[in-house]
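These notes concern the structure reproduced below.
The values are calculated or read from the model by the stated rules, or taken from the named source; none is laboratory data. As the structure is a computational prediction, the values presented were derived from the model and not from experiment. Neighbour counts run over all protein chains shown; Cβ positions are idealised from the backbone, glycine included.
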Amino acid sequence: MTEMIKRFGPGLGGFFIALVALWIIGMVLAPNLMMLNFSLKPMLFPNDIGGPKDVYTVENYTALFGDRVHRAIFLKTVWGSGLVMLATLAITYPLAFWMAKVATIRGARAMLIALIIPFWINEVLRTLAWFIILSFNGPLNAFLLSIGLIDAPVRWQGDFGVLAGMVYAYILFMLFPIYNSISTLETAQLEAAKNLGASTWRIHRRIVIPHAKAGIATGCVFTFMLAAGSYVAPALLGSPGSRWFTEIIYNWFFEGGNWNRGAAYALVLLVLCMAVVMVTLKIFRVNLADVAK
Amino acid sequence: MSHSVELIDVEQAFGDVKAVHHFSAHIAGGEFFSILGPSGCGKTTLLRLIAGFTEPTAGRVLIGDKDMAGIPADRRPTAMIFQSLALFPLMPVWENIAFGLEARGVPKAQRRKRAEELLELIALPGYGTRMVHELSGGQRQRVAIARALAVEPQVLLLDEPLSALDLKLRQHMRAELRALQKRTGVTFIYITHDQSEALAMSDRVAVMNAGVLQQIATPQELYANPATPFTARFVGETNGIIGTVRGLEAGLATLTTAEGRFTGRAGAGLEDGERASIFIRPEAMALSRIALPNSLSARAVSLEYEGASAMLRAVSEHGQELLATVPNRQLGEAPQAGEQIWLSFQPEEALILSEKGAAA
């Protein structure tokens, strides 16, 4: 802070600090505190607010874990987001390694462009494209039937559809951090390891993954948080059996009209995401400053 | 005795560019063999062929009389020391050294023990738990050597490993490398663009230019009897004067040049009437104030004192730049800049080489 004032003078420096403070307090802290306040109060009729029934309670939170269906959906969202994260990592890591170390510059560039161009289209439309591809009478089933791989059309929408849609939607958030960190690895190290007789698996386990761990952690954190907070993919590609926790929150706010319960659910999701970030960073022994790089 | 390396008519092309042309050499087991050439001459390509990172476009590579075609880098009896060293920065020193053993499934306790022995060998005992970034340049160098030796390679491939070190350390490491090679008996193939490095360490040196092998010889032979004009110019300092051969007799040839007529030893295959250059080492040049046979008239330009001797730079009437070594005891008679002098040489100390087919 003194650095800022030293560099820009008290006037401009103070202005910048005030802007940042306004942002953090007005846009981040205040709404979340209001949400916290909401979540700790029961839903009341307007004329009861401020009355004797307006007391602090944790019943909105206990309700989530007391309700068998909501609890199941919450846990499924956690595990589903974890699955999205792992599936995205499994697809992205070889791709990132190929782009950073194996492909020619032209090949890597072509791949990058091919991956980025679909993202020029709005997320809802992209997900809708998956809706069409995966639909019961859609092109994927038609193709699989025509080559004889399946005898009857498969209902892809549901758990599989949600997984596929999310992996596709978040692949770049995983790809870029991993690609960036692998591309800073000196190629001679890979050759040296190979020259010393190391197998491909050992080269990745001992050289590439330790080097790229900050990128992998960043990608995993991004993907998990985006998946846990996703709404479009489960809403469009899911089935009644694959409801996502965000849909429950949405329903409390906009259909159930119970903002207090919705706020409690949303905060639980927020705490979950923060916990996953912390645990992931701990596992990879990376700190937040590395992630920001 | 460790394995020999045989290169038979090896060629490597990258697209239309031929990095190595018809290279053949036999490197004996336990030999310290250098490949010397300017940067971009294809020497690193050649080393990577032997290591197995690339397969030759044509020709064969034999290590210990075994054809290496189709055998990948991780299954060849070679270990390479990279120009950048390529140590693993996230592992402590001992794990770096033992990495090759780890890849071979040696148990941890044994790996650790072997790493300690190798640390002893490279005079860095007790450094096992340090990280690579805590070491100095020379120490890293030695760790890279230990890491390569840990897998007990038959052939050690070194790609300009000393180029990042300062002069003093480089000279020290030269002696260490040479001693290590004698002690371990491993075949060393050493790549460098530094001719003094190649001459100081090697049993034999191969000189390469633009992908073409120029000559394979001992350092002494290379300096005294270069086979091509490129080698004569690249290895050590020399005075080269171009002209036409006029008369060949009893191993001596006469060359007419813009500077006059000179007699020198005829190089192999020299023919009467062809374009050729005469090469005279600066230390073979004698300084005088009068014209002698086989002498060049010149004007002194500068005198650079180098400690053990001084290097006189002069320029002839026709603009030919000339070098002559002036020993310390003759420094008193050294000419002033601008002074007219004569530089002469004995015919046995000059070599006339055909310029035919020499592109550079």
Open item on the list: Looking at the range B:340-357, I want the residues that are touching a residue at least 60 places away in the same chain (Cβ under 8 Å) and have a partner that is outside any strand (DSSP E or B) and hydroxyl-bearing (Ser, Thr, Tyr) with Cβ atoms under 8 Å, at least 6 apart or on another chain. Which pairs are those?
Closed with: B:LEU353/B:THR228
Task: Enumeration of residues in the range B:20-55 that are more than 14 Å from chain A (Cβ to nearest Cβ) and among the hydrophobic types (A, V, I, L, M, F, W, C) - done: B:VAL20, B:PHE23, B:ALA25, B:ILE27, B:ALA28, B:PHE32, B:PHE33, B:ILE35, B:LEU36, B:CYS41, B:LEU46
TODO: Specify the residue that is surrounded by the most Cβ atoms within 10 Å (Cβ to Cβ); the eligible residues are those in the range B:56-84 that are more than 8 Å from chain A (Cβ to nearest Cβ) and of a type in the set (A, V, I, L, M, F, W, C).
DONE: B:ILE81
Open item on the list: Within the range A:183-201, take every residue that is more than 24 Å from B:LEU47 (Cβ to Cβ) and within 14 Å of chain B (Cβ to nearest Cβ) and give me the one that is surrounded by the fewest Cβ atoms within 10 Å (Cβ to Cβ).
Closed with: A:TRP201
Open item on the list: I'd like the full set of residues that are over 33 Å from the mean Cα position of the chain (by Cα), within 14 Å of chain A (Cβ to nearest Cβ) and outside any helix (DSSP H, G or I), limited to the range B:98-130.
Closed with: B:ARG104, B:GLY105, B:VAL106
TODO: Starting from the range A:88-102, keep only residues that are modelled with pLDDT under 95, then list their pairs with residues that are loosely packed, with under 15 Cβ neighbours inside 10 Å and not in a helix (DSSP H, G or I) whose Cβ atoms are within a distance under 9 Å, requiring at least 6 positions of separation or different chains.
DONE: A:ALA100/A:THR184
Open item on the list: Please determine whether any residue of the range B:240-249 is polar (S, T, N, Q), in contact (Cβ under 8 Å) with a residue 12 or more places away in the chain and closer than 15 Å to B:GLN195 by Cα.
Closed with: no
- [ ] Could you please let me know if B:THR263 is modelled with pLDDT of 85 or more, surrounded by 14 or more Cβ atoms within 10 Å (Cβ to Cβ) and hydroxyl-bearing (Ser, Thr, Tyr)?
- [x] yes
Task: Matching option when the condition is under 21 Å from the mean Cα position of the chain (by Cα) and of a type in the set (Ser, Thr, Tyr), among B:THR45, B:THR57 - done: B:THR45
Open item on the list: Being out of contact with any Cys (no Cβ under 6 Å at 6 or more places or on another chain), more than 14 Å from chain B (Cβ to nearest Cβ) and under 15 Å from A:PRO94 (Cβ atoms) is the requirement here; does A:TYR179 meet it?
Closed with: yes
TODO: Could you identify the single residue in A:LYS76, A:LYS6, A:LYS101 that is over 22 Å from A:TYR179 (Cβ atoms), in contact with a helix residue (DSSP H, G or I) (Cβ under 9 Å, 6 or more places away or on another chain), of a type in the set (D, E, K, R) and surrounded by 13 or more Cβ atoms within 10 Å (Cβ to Cβ)?
DONE: A:LYS76
Open item on the list: Just to be sure before I move on: is B:ARG313 among the basic types (Lys, Arg), at pLDDT 90 or above and more than 24 Å from the chain's Cα centre (by Cα) in the structure I sent?
Closed with: yes
Open item on the list: When you scan the range A:158-166, do you find a residue that is within 12 Å of chain B (Cβ to nearest Cβ) and either acidic (Asp, Glu) or in contact (Cβ under 8 Å) with a residue 60 or more places away in the chain (or both), even just one?
Closed with: no
TODO: Taking the residues in the range B:40-71 that are among the hydroxyl-bearing types (Ser, Thr, Tyr) and part of a loop (DSSP other than H, G, I, E, B) as candidates, determine which candidate is farthest from B:ILE189 (Cα to Cα).
DONE: B:THR57
Open item on the list: Against the conditions (1) crowded, with 24+ Cβ neighbours inside 10 Å; (2) over 28 Å from B:PRO72 (Cβ atoms); (3) within 14 Å of chain B (Cβ to nearest Cβ), where does A:CYS220 fall short? Just the number, please.
Closed with: (3)
TODO: Go through the range B:258-304 and count every residue that is under 22 Å from B:PHE234 (Cα atoms) and of a type outside the set (A, V, I, L, M, F, W, C).
DONE: 10
